[in-house]
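Right, one structure below, let's go through it.
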Amino acid sequence: MALSIKQELCTACGLCVKVCPYEGVAVEDGMAYLTERCNFCGQCVSSCPTDAIVIELPRKGTVDTSLWKGVWVLAETDEGKIKGGTIELLGRGRALADERHCALEAVLLGHDCDYLAGEMVAFGADKVYVIDDPVVERYRTGPFSAVIAGLINEHKPEIVLISATPQGRDLGSRLAARIGAGLTADCTGLDIWDQEPLLLQTRPAFGGNIMARILCREARPQMATVRPNVFKKPQPDGSRTGEIVRVPVHLDERGAMSKIVEVIRESKDGQVNLVDAQIIVSGGRGLQAPENFALVRRLAAVLGGAVGASRATVDAGWISATHQVGQTGKTVSPKLYVAVGISGQIQHLAGMSSSDYIVAINRDASAPIFEHATFGLVGNLFEIVPALTAELEKRLAE
Amino acid sequence: MDFEFNEDQQAVLDAVRELCVEELRPKAEETDASGEFPWENIRKLAELDLCGIPVPEEYGGLGMDFLTWAAVGMELSRACTTTGAVFGAHMLAQYPIMLFGTEEQKRKYLVPLSTGEKIGAFGLTEPNAGSDAGNVKTSAVRVGDEYILNGTKIFITNAGEAETYIVIGNMQPDRGARGMTAFIFEKGFEGFTIGKNEKKMAFPSLPNRELIFQDAHTPAGNVLGGEKRGFRVAMQTLDLGRIGMGIGAVGVAQAAYEHALAYSKQRVQFGQTISNFQAIQFKLADMVVEIECARLLCNQAAWLKDQGKPFELQAAMAKLYASEVAMRVTNQAVQVLGGYGYTKEFPVERLMREAKLFEIVEGTSEIQRLVIANHILK
Amino acid sequence: MKIVACIKQVPATTNVRIDPETNALIRDGVESQVNPFDENAIESALQVKEALGGEAEVIALSMGPPQAESILREAVAMGCDDAILLTDAKFRGSDTLATSYTLARAIRKVGDVDLILCGKQAIDGDTAQVGPGIAEHLGIPQITFAIELSVEGKKVTARRMLEDSFEVVECRMPALVTVVKQINEPRRASMKNVLKARRHEITKWSAADVAAEDERIGFEGSPTVVWQIFTPPKREGGRLLEGTVEEMVGELAGEILEIRKSLASG
């Protein structure tokens, strides 16, 4: 990729200079020009009001991309079940395959896992490659990437999708390096580009503050890891038929490169660090009694967030001071702050006003918190919070 | 005239800034309220080589200068006033040894003070010798190869936690300043005990205790600067102490201003943030100007000291001005925060109580004015 | 034993503001820092060295523009024995594949490296791909998302942090481990070390120095391309939701789930 500035369109407004994080563009003599520090990140492109900065996508033409066909989903299993993220990818993969007029195929590695293949067909796969061997009973980088790299080189899928779980990210990045593919991590959007039949991958960057759209012009397959809970899970259709191909492999434990010594299923007790948390649900005096913090905790758990508290509740002994948000508590700046039964006195605001999004739930319409809330709900929190928790649970499970 | 720090100084300041923002400031309220000496913070300073910034490397220090020490002191005070106060008082034990210590005294006492292994204190003030520093009555008598001291010191910062004490005694109590002699004492010397802590208007976690000398022994080798030369030791130490007080005051003022600024941008009255009102804007503007002046005076005094030039006048000016600025700024900061500023919910009332210390300790504002007047009229 | 810690210079804050007039990102200055997870990697490397009684060499390695020298000095200030900056105009525009190839070439040049430590991901790219890419190019085992790490003889044992469980994995060195922030608390450099690091000679290597092939580096060697950058549509807010509890909750749930989508991965 290259960036160039169309001099005839440049008005030297200097917005690109402000936006560039690397001092990669400067304005001199009434014109913007790229400096040595330009890192081709592309942020200036969208900021230019006259569209004077363009991205050029050179085409080398060394790869015959027409040889690569098919959308693949690499399945991840856990405790004998297909993981939700894989199922979501089958749903999205089906749509992409239909648009590309090709097959949706899944790759399943495991041991005594045949029965899962049929499930994947029900979720939309036209074909499932099954590799059954004790060496791949549980995910390990070495055996999985070796087997799958071989399959990819043999069958040449155009697109390969992996769920962006820790195991999926471990596998995807190793695999992409092995086969020289382009991999886009942690996608929140997958579409077929309207200008060329390429996979358009949308993902957050800079801590989620900006979104980037990525293309992989020539390298094949186009690989993407996708965040779980982004795409909807498809409904299983038991009447669907598909081919199940058992791939014979000769795997040797000695070539595995690593050994799993122990698996510990500890529930991380939902202890999310308050100061670093991106989502915080906080409770205030409106909760009326200490046991009602359970409502706050449940909502926080569903959102994967931390639990915060107003000073009043801490002083009243309803929750420990480590949860206190405010002038004399902790200062937080999460993406989302949900204030439940908190009036929003200035000393509380001092601790959370720099949150990106603030949701306030309070029965008092004149509570100061509503002046700062992005979304305000005036009403009975004892009805609203359980309903919200249930609705979110429902939508996330879908 | 170069008003910029050089790269080494800036590197140190950047590191101290990070420490302040990430560790000291978040628990400053706790440190103050605990009523206990901030050992954790001091140990951190020691770990990071911050306890002997201007002390030569051969004596365990960083080998930098007093300007850096002053700038670091301002940052520490700004983040946590108690820690800043301990930091400033600690130098009062190091400095006289740097100036007057024998090689042996430097090796034995200056090194552990500079590595932060031990804390230091400076004992001059007595119940009847405050501004009248020459009225020191703690008697000192040479007996064999020791000196025996009898008397009491009060309000001594770091006393009790410190292990090394610079004590000003008097070998001729009836002849005033002429007999004053400086001694080095260690915690635990026979006859030397630490008395009660004062309950003060602020700084509950900063020890200010009595030193009690009842036939207290110190070896002859612990005379600092020579017999009957103690007045000189005391006065020169106080010169540096003035800068130390100045930097503490600047830190307090800076912290108060920052709270006032932040509050003014959030507090809404009459349909807008109060930062839109000129009454508030003028207060904030005045704060900024005064704090900057105080800072520059402190920096100048420290710089002159580093250049080996006379700095006593500028040190007195810095201390006088910075301490009065701290009072004015903290007072106005409470005013800006209004009712909330008067509560313990916000730190400005504490800062205002803390600010008062700097107008009194280490030479009251009245004494500073005398010092300055003497300079200009001599 | 030789340990390499791979570090990256990233913007000091990812909290960018959006100019409402231009809808463009405004950054408060162009300050930068060591990628926080890489500080954990340096700390892990130093702890491994300490566990071996100091019998190890820790080298910090970074690919970046000339100003990335400052993070290498920080690494030396923390205690790394040496630091190498891979810098060349030809590296510009590298995606993760090109970056991991380049870093692998440098590690080969260092030679006899037993353990490579990386932070799990960089806070600007958030991909978590470079570490495994390096391991693949070097043909060595990888252990990702380590929350605990120990070395015994030629064996590396690490506890990996998965979503709801932990996995203890073992492999033989040479190996590469990526670490999560919960693995340790990076030490603060003391002033003596900060000042000493200012005088340290940082080695600089170009593409030619590490024999990197032109078509595998920079944007030539990057199969992926950023086509477009945009700010996620700001949820329209500053309003009271209306309707029945069911209606309000329905609307809010939708807004919350959209906000969740633009969170960075943990």
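Just so it is clear, none of the values below were taken in a lab; they were calculated from the coordinates. Just so we're clear, the structure is a prediction, and the values are computed from it rather than from any experiment. Virtual Cβ from ideal backbone geometry, glycine too; neighbours counted across all protein chains shown.
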Centroid-to-centroid separation of segment A:17-55 and segment B:7-81 [C-alpha atoms, Å]: 41
Need one word for segment B:121-228: rounded, prolate or oblate. Basis is the Cα gyration tensor (sqrt eigenvalues a ≥ b ≥ c); a/c below 1.5 gives rounded, then a/b vs b/c decides. oblate
Compute the length gained on full extension between residue C:203 and residue C:154: take 0.36 nm times their separation in residues and subtract their Cα-Cα distance, giving the result in nm to one decimal. 14.8 nm
Residues whose built amide H sits under 5 Å from the amide H of residue A:226, excluding neighbours closer than 5 in sequence, are A:162, A:163, A:164, A:186, A:187
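Please give the charge dipole size of segment C:2-216, origin at the Cα centre, charges +1 on K and R Cβ atoms and -1 on D and E Cβ atoms. Round to the nearest 20 debye.
Roughly 520 debye, rounded to the nearest 20.
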For the residue pair residue B:262 and residue B:128, what label-to-label distance in nm results when each label sits 7 Å from Cα along the Cα-to-beta-carbon direction? 4.9
Using Cα-Cα distances under 8 Å and only pairs 6 or more residues apart, what relative contact order does chain B have, in percent? 15
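With Rg and the Kirkwood Rh both taken from Cα atoms, where does Rg over Rh land for segment A:279-389?
Details: Rg = 12.0 Å, Rh = 13.2 Å.
The Rg/Rh ratio comes out at 0.91.
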Compare C:120, C:181, C:196 in a GNM of chain C, Cα atoms joined below 10 Å, and give the one with the largest fluctuation. C:196
Check cross-link reach from residue B:27 to the aspartates and glutamates: straight Cα distance under 19 Å, and skip same-chain residues fewer than eight apart. A:276, A:315, B:18, B:36, B:40, B:47, B:75, B:258, B:345, B:349, B:354, C:185
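Counting helices only, and only those DSSP H runs with n ≥ 4, report the 222 nm mean residue ellipticity of chain A as the sum of -39,500 (n - 2.57) divided by its residues, in deg cm²/dmol to the nearest 500. Display every interim value, and only then the final one.
Numbers: 10 runs with 104 residues, N = 398.
Estimated from H runs of four or more residues: -8000 deg cm²/dmol.
Can you give the Rg to Rh ratio for segment A:65-255, taking only C-alpha atoms and Rh from Kirkwood? Walk me through the numbers before you get to the answer.
Working: Rg = 15.5 Å, Rh = 16.5 Å.
Expressed as Rg/Rh, it is 0.94.
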Out-of-range pairs (alpha-carbon distance over 30 Å; input B:137/B:356; B:106/B:199; B:305/C:196): B:106/B:199
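May I ask you to derive the relative contact order of segment B:133-246, considering only C-alpha pairs under 8 Å and at least 6 residues apart, and to give it as an integer percent? Don't jump to the answer; show the numbers that get you there.
Details: 250 pairs, mean separation 36.2, N = 114.
Averaging sequence separation for qualifying contacts and normalising by length gives 32 percent for segment B:133-246.
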Reduced to Cα centres, the span from segment C:172-225 to segment B:296-318 in Å works out to 44
In Å, what Rg and Dmax follow from the Cα atoms of segment A:9-137? 23.7, 70
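For chain C, what does -39500 (n - 2.57) per DSSP helix run (n ≥ 4), summed and divided by total residues, give at 222 nm, in deg cm²/dmol to the nearest 500? Intermediate results must be reported in sequence, preceding the final value.
On the way: 6 runs with 76 residues, N = 266.
About -9000 deg cm²/dmol.
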So if I take the centroid of the Cα atoms in segment C:50-127 and the same for segment A:336-398, what is the distance between those two points in Å? 44
Given points 7 Å out from each Cα along the Cα-Cβ axis, report the residue B:286 to residue B:369 separation in nanometres with one decimal. 1.9
Cα-based Rg of the protein assembly as shown normalised by 2.2 N^0.38 Å, two decimals: 1.07
Could you check how many percent of all C-alpha pairs in segment A:210-257 are farther apart than 12 Å? 84
Gyration tensor (Cα only) of segment B:167-259 to equivalent ellipsoid, semi-axes in Å sorted down, yields 31, 19, 11
Per DSSP H run of n ≥ 4, the term is -39500 (n - 2.57); total these for chain B, divide by its residue number, and report the mean residue ellipticity at 222 nm rounded to 500 deg cm²/dmol. -17000 deg cm²/dmol
For a quick check, take a GNM of chain A with Cα springs below 10 Å and name the residue from A:216, A:102, A:44 with the largest mean-square fluctuation. A:44
Could you identify which residue out of A:27, A:275, A:332 has the top mean-square fluctuation in a GNM of chain A using Cα springs shorter than 10 Å? A:27
Full extension between residue C:51 and residue C:196 adds, at 0.36 nm per residue less the Cα distance, a length in nm of 49.8 nm
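Among bridges DSSP assigns within chain A, what percent are antiparallel (round to 5)?
Values: 19 of 66 bridges.
Bridges in chain A are about 30 percent antiparallel.
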Counting only Cα, what are the radius of gyration and maximum Cα-Cα distance Dmax of segment B:1-100, in Å? 13.6, 44
For segment A:212-352, what is the relative contact order in percent, using Cα pairs closer than 8 Å and at least 6 residues apart in sequence? 22
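Return the equivalent ellipsoid semi-axes of chain A as a descending list in whole Å, where each equals the square root of 5 times an eigenvalue of the C-alpha gyration tensor.
Working: eigenvalues 350, 226, 70 Å².
Value: 42, 34, 19 Å, ordered largest first.
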Could you tell me the largest-minus-smallest coordinate of the C-alpha atoms of chain C on each of the three principal axes, in descending order and whole angstroms? 69, 42, 40
Quick one: give the max-minus-min coordinate of the C-alpha atoms of chain B along each principal axis, largest first, in Å. 79, 46, 42
